[in-house]
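One structure below.
The values are calculated or read from the model by the stated rules, or taken from the named source; none is laboratory data. Since the structure is predicted, the reported quantities are computational estimates derived from the model, not experimental observations. Using ideal geometry, Cβ is built from the backbone for each residue, glycine included, and neighbour counts are taken over all protein chains shown. Remember, those area values only see protein heavy atoms, side chains included, never the ligands or the DNA or RNA. Shrake-Rupley method; radii C 1.70, N 1.55, O 1.52, S 1.80 Å.
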Amino acid sequence: MVRKVQRRLAAILAADVAGYSRLVRSDEAGTLAALRAQREAVIEPQVAQHEGRIVKLMGDGLLAEFPSAINAVTCAIEIQRALAERDAALPDDRRIRYRIGINIGDIVVEDHDILGDGVNVAARLQALAPPAGICLSGNVRDELAGKLDIACEELGEQRLRNIAGTVRAYLVARGRTDAGPTAGDAPPLDRPSIVVLPFANLSGDPEQDFLADGITEDIITALARLSWLFVIARNSAFVYRGKAVDVRQIARELGVRYVLEGSVRMAGRRLRVTGQLIDAESRKHIWAERYDRVPEDLFAVQDDITDRVVAAVEPHLYAEEGFRAAARQPDSIDAWGLVVRAMQLINKIDRRQNEEAQTLLRAAIAMEPRYARAHALLSWAIWWATFLSWYPDRGGGYRRAAAHARDALALDPGDPWARMISGLGLSAAGQHDRALGELRTALGLNPSFALGHMAFGWALLRAGRFDEAIAETGQALSLSPLDSFSGLYTTIHGLALLGARRFEEALPFLRSSVAAFADYVGHYNTLISCCGHLGLLDEAREYLAVRNRMQPPLRLAVLRENLRLFAHRDVFLEGLAKAGVPE
């Protein structure tokens, strides 16, 4: 039988049920019945009304094609609205919410099926949408311009699995139009959401408005790189420019949980920028900071302040979401809640908390096997436990960490945590160029990623690029000076200084590392080497005695083999030999 094959351009809609595995585990028969009822009462009639056709049903998802982007997007909006109204009386954990992705592309039609990259992009975009959300490709957004009055939040260029190049992606902003906030309240989003209000110009000089606006726009762009965070686009945020509006009112109108606001004041040759993060519902101030600079290079100062604001805000948002999750009943915690709880724990230097984080992340993965961030954070938790010798099998621990990083990257090539672990693994294997490439990518995805800067510096020093390593690890310390990992930061920074033979500069950092990680022998080794180079032999012998009580006595021959792939080996061993460490 000859298969009928043709090509055509079409708008493709891909939909998938969020949390399907959890729903089925909880009530398989009820979930399947509810899915059938939704399709018959809402989805099929809406697709037909908008001149589309359902190509196929795929268990918890479906694929449909439409003659135009307008038909596909209006259909998706009506489906989400109707389903929300239909399920409004149900408990939150029993609601069936679809993620929808829409793309315009060339498709191959074989009999009744459709194939091709146009279909694949729609399916990948679906995964970027929040539950009950809609994600559009850039070509769909362009097609809507001037024809359909909806607001979209830009996600930037996205690397999608098995898709060449990048794809511009946008989220349809529910409850708003491009003309600004509607009179009614927007529904709250299903994931953490924030608006960055235009920073106020307090300089008294209208010409300085450009500086306040520039800082605001840079912060919006930087926060939008955090794939787990819904960020209101500039056009919607700037509706409130110069207006005195209550944060609760803004949050209701935009459907967000958090508001970031601030001010800029230029006085003579001093620039002061303030920022504060507010929980809109409770009006609680979560974070506040002030930055004073001499604006020699205004753009460099603007970039520096942006990086510092985002680096400070991200962990506070994660912590606040963790508190929200902790306040809920355990049986109502979804995969996101488990992940934010775990995020709080893996940032602690404690074995019990690390093990608890691993348990939470494995539970999140069991609930949502395709949750990339859960895989990425579990990768880091295992890697960190292995590094500190908490994991029973060192080689096995690193292999498990690498496996979860690969899983995360397969699901979301844009996850900076997974890129970081991938880079650390390549660096440890002596594949320096590949490692540096992965870590550059991680920082491109999140330039304010303090731990990523530390990892990049670590890889640079192993590759022998000591001055660059010092700059990167110094950036990590600057971005996150009070981080629980600061002991690790000071060790790697000190090791980079040691590699560059700047021993006196390295010493205070390495001493503080031992104080922070008193039970980790690797930090003692580096401090002993530094003391040897500086002729501080009594201090070196004291640290060596403490270190040798913790593990088998230190020997140069063992370290020579362990460090054979790393450029700092010779200067490191030279200092240990001067300190009296035997061969």
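Checking region 436-456 against the condition returns a match, with at least one residue being surrounded by fewer than 24 Cβ atoms within 10 Å (Cβ to Cβ) and more than 17 Å from the chain's Cα centre (by Cα). Summed over region 470-489, the residues that are open to solvent by 10 Å² or more (accessible area, probe 1.4 Å) and at pLDDT 85 or above give a count of 4.
Among the candidates I250, I286, I220, which residue alone is of a type in the set (A, V, I, L, M, F, W, C), in a strand (DSSP E or B) and free of Cβ contacts under 8 Å to residues at least 60 places away in the same chain?
Matching residue, one of I250, I286, I220: I286.
Name the single residue, out of those in region 429-471 being among the small types (G, A, S) and touching a residue at least 60 places away in the same chain (Cβ under 8 Å), that is nearest to A500 (Cα to Cα).
G464
You will find that of R564, R502, the residue that is at pLDDT 85 or above, surrounded by fewer than 19 Cβ atoms within 10 Å (Cβ to Cβ) and within 23 Å of A428 (Cα to Cα) is R564 and no other.
I'd like to check something: does region 517-525 contain any residue that is free of Cβ contacts under 8 Å to residues at least 24 places away in the same chain, assigned to a helix (DSSP H, G or I), open to solvent by 20 Å² or more (accessible area, probe 1.4 Å) and of a type outside the set (K, R)? No. The set of residues in region 5-28 that are in a loop (DSSP other than H, G, I, E, B) and open to solvent by 50 Å² or more (accessible area, probe 1.4 Å) contains only D27.
So, G532, is that one among the small types (G, A, S), in a loop (DSSP other than H, G, I, E, B) and either at pLDDT 90 or above or open to solvent by 10 Å² or more (accessible area, probe 1.4 Å) (or both) or not? No; evaluated as a whole, the condition is false for this residue.
Looking only at region 88-103, residues that are without any contact (Cβ under 8 Å) to a residue 24 or more places away in the chain and under 22 Å from L13 (Cα atoms) come to 1 in all. Screening region 438-459 for residues that are at pLDDT below 90, of a type in the set (G, A, S) and in a helix (DSSP H, G or I) and picking the one that is farthest from E561 (Cα to Cα) gives G444. Within region 136-146, the residues that satisfy the criterion of being assigned to a helix (DSSP H, G or I) and either open to solvent by less than 10 Å² (accessible area, probe 1.4 Å) or within 11 Å of G101 (Cβ to Cβ) (or both) are G138, V140, L144.
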